[in-house]
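Down below is the structure, laid out as structure tokens.
The values are calculated or read from the model by the stated rules, or taken from the named source; none is laboratory data. In this text, all values refer to a predicted model and were calculated from it rather than measured experimentally. Note that we place each Cβ from the backbone using ideal geometry, even for glycine, and neighbour counts take in every protein chain shown.
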Amino acid sequence: MRWRLTSYLVVFLMCLMIFSACSAKQPSSTDVIPFADPMTENILMAMNEDNYPNFSRDFNDEMKIALSEEKYKEKVTPIHEKIGNYITNTKEFLGYEVKNERVIVRYKAKFTQETEDVIVKVVFTEQGDKEYISGFWLNSPKLRTQ
């Protein structure tokens, strides 16, 4: 009898956990695009202008440390040399995924010295009720070569 009650309790708790996990609201693209698009456009345009304050304005605290102004200069100069500047308003939303409470958004964009698409990946983390950039990467054939 006791074994049966324990079994029912375990099954009930497992069902409750599964239901809770499934019912957690995942953002849709209509939730993601309104904050991701302008922040991504800003970061790309700020790179063109070599404007670190604008580039980092939407960073969370960890990202500001990881990509300080000094590190920014080290990273951006080779990017400009290899692929040039971002061509304004050419980014195209490819999709997003949610991982560990972070929203990872991917775009493709055009740059002046790269014939192929440049993949732009931006990671967003919510703090309070605002989204912040917590990761930023560019990927293209020219950036992968030495």
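Outside any helix (DSSP H, G or I) and at pLDDT below 95: does that describe Pro78?
In short, no.
Residues are listed down the side, and each one gets a yes or a no for (1) modelled with pLDDT under 95; (2) surrounded by 15 or more Cβ atoms within 10 Å (Cβ to Cβ):
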residue: Val10; (1), (2): yes, no
residue: Cys15; (1), (2): yes, no
residue: Cys22; (1), (2): yes, no
residue: Thr30; (1), (2): yes, no
residue: Pro38; (1), (2): no, no
residue: Met47; (1), (2): no, yes
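With the checklist (1) farther than 17 Å from Val118 by Cβ; (2) out of contact with any helix residue (DSSP H, G or I) (no Cβ under 8 Å at 6 or more places or on another chain) in hand, flag the one item Glu92 doesn't pass.
(1) is the only condition that Glu92 fails.
How many residues are more than 20 Å from Lys130 (Cβ to Cβ) and crowded, with 19+ Cβ neighbours inside 10 Å when one looks only at segment 49-66?
Adding up the residues that qualify gives 0.
For Lys108, work out the one condition from (1) at pLDDT below 95; (2) touching an Asp or Glu at 6+ places or on another chain (Cβ under 6 Å); (3) of a type outside the set (S, T, N, Q) it doesn't fulfil.
(1)
Quick one: what pairs do we get from segment 59-73, first residue outside any helix (DSSP H, G or I), second modelled with pLDDT of 95 or more and of a type in the set (Val, Ile, Thr), C-beta under 7 Å, 6+ apart or different chains?
Every condition considered, the pairs that remain are Phe59/Ile133; Asn60/Thr125; Asn60/Ile133.
For the list (1) more than 17 Å from the chain's Cα centre (by Cα); (2) loosely packed, with under 13 Cβ neighbours inside 10 Å; (3) of a type outside the set (Gly, Ala, Ser), I need the number of the one condition that Trp137 fails.
Trp137 satisfies all of (1) more than 17 Å from the chain's Cα centre (by Cα); (2) loosely packed, with under 13 Cβ neighbours inside 10 Å; (3) of a type outside the set (Gly, Ala, Ser) except (1).
Select, from Tyr86, Tyr96, the only residue that is surrounded by 18 or more Cβ atoms within 10 Å (Cβ to Cβ), at pLDDT 95 or above and either over 16 Å from Gly135 (Cβ atoms) or in contact with an Asp or Glu (Cβ under 6 Å, 6 or more places away or on another chain) (or both).
Tyr86
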